[in-house]
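Shown next, in structure tokens, is the structure this report addresses.
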Amino acid sequence: MTGGAGYLGSVLVPELLKLGNKVTVLDNFMFDPNSLLDCCHCNTFEVIRGDARDKILIEKIVGNKDIVIPLAALVGAPLCDRDKIGAETTNRGAIKTLAEVLSKEQGIIIPTTNSGYGIGQKGVYCTEETPLNPISFYGKTKVDAEKIVLERGNSISLRLATVFGMSPRMRLDLLVNDFTYRAVKDRFIIIFEGHFKRNYIHVRDVARAFIHAIEKFDSMKDEAYNVGLSDANLSKLELCTKIKEQVPDFVYLEASIGEDPDKRDYIVSNEKVEKTGFAPKYSLERGIRELIKGYTIITDSKYSNV
């Protein structure tokens, strides 16, 4: 697994180890170096400090791996816009390297993003058949990466909704995490273009989706799957209403002028992955409750990608 010390990896790795899997993590530890310390006692855990773009290193460590999960990425539009070379070489280039180095018998399960849908049609659910139309550089690199692995074969792409929830390598810049943090710490937020909609999914359900894909690899391979909460296709204003239910003195206002630079606006169907037997366990309400508790502990804005 590349990028295994990140927001998602630091939740997924312990779960894979609990199930008896041997897990090797390659990470440059550019953010929190402590997120996998609790895994070091496990004999089936191996960790390598390095760069997912290093082809020689990749060739050296992937030879006996059954499935590779490439989590290493520059995630989010602001970070990718700030470092386009890093985004291109990591989000797309490192995936191309993996596709070239791995044998056809080795599987890949890649996380991509609903960002690939860009701006959807009002009232029309985006399915895996909906044409991809990313509007950010981040979205474009992830769509390119998905195309590489699916054309290569023996691969699965999980198109993740906007992820939320606490993680050992926390991120505050994700929408639910950000809005809840502001509700707890500031009690106030101004919303731009509050009607824009997105789908959401808890980070622990994302980890469960990867484990599900490993277990069902042969029947799911060579396809893309939307992974989100089917009852959480919500606008920003609807999300604020959900947060206010648990933070009653939270005040949110929609600005009459100004705009959000992030123009993503879509609703998503998760029916395809649900038909394979996957069902999320963590509701949005549960996630908000969890975040409120977490923010009693966290007071430092270092927990973000930008």
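A compact table of results
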{"item": "Additional length obtainable on full extension of the chain from VAL124 to MET30, 0.36 nm per residue less Cα span", "result": "29.9 nm"}
{"item": "Over region 193-306, relative contact order from alpha-carbon pairs under 8 Å, at least 6 apart, %", "result": "43"}
{"item": "Centroid-to-centroid separation of region 23-60 and region 212-260 [C-alpha atoms, Å]", "result": "30"}
{"item": "Net charge of Cβ neighbours under 11 Å - reference PRO33; Lys, Arg +1; Asp, Glu -1", "result": "0"}
{"item": "Calculated FRET value between ALA279 and ILE257, using beta carbons and R₀ = 25 Å, to 0.05", "result": "0.05"}
{"item": "For ARG152, ARG208, ARG286, order by how many other beta-carbon atoms lie within 10 Å, fewest first", "result": "ARG286, ARG152, ARG208"}
{"item": "Inter-part distance where region 162-205 and region 117-153 are each reduced to a Cα centre, Å", "result": "22"}
{"item": "Folded to 0 to 90 degrees: helix 9-18 orientation relative to the chain principal axis, Cα", "result": "60"}
{"item": "Nearest-ten-degree value, helix 203-215 long axis tilted from longest Cα axis of the chain", "result": "30"}
{"item": "DSSP-defined antiparallel bridges as percent of all bridges, the chain, nearest 5", "result": "10"}
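Here, each number is a calculation from the coordinates, and none is a lab measurement. All values derive from a computational prediction rather than experimental measurement. In this analysis, Cβ positions are derived from the backbone assuming ideal geometry, glycine residues included, and neighbour counts consider all displayed protein chains.
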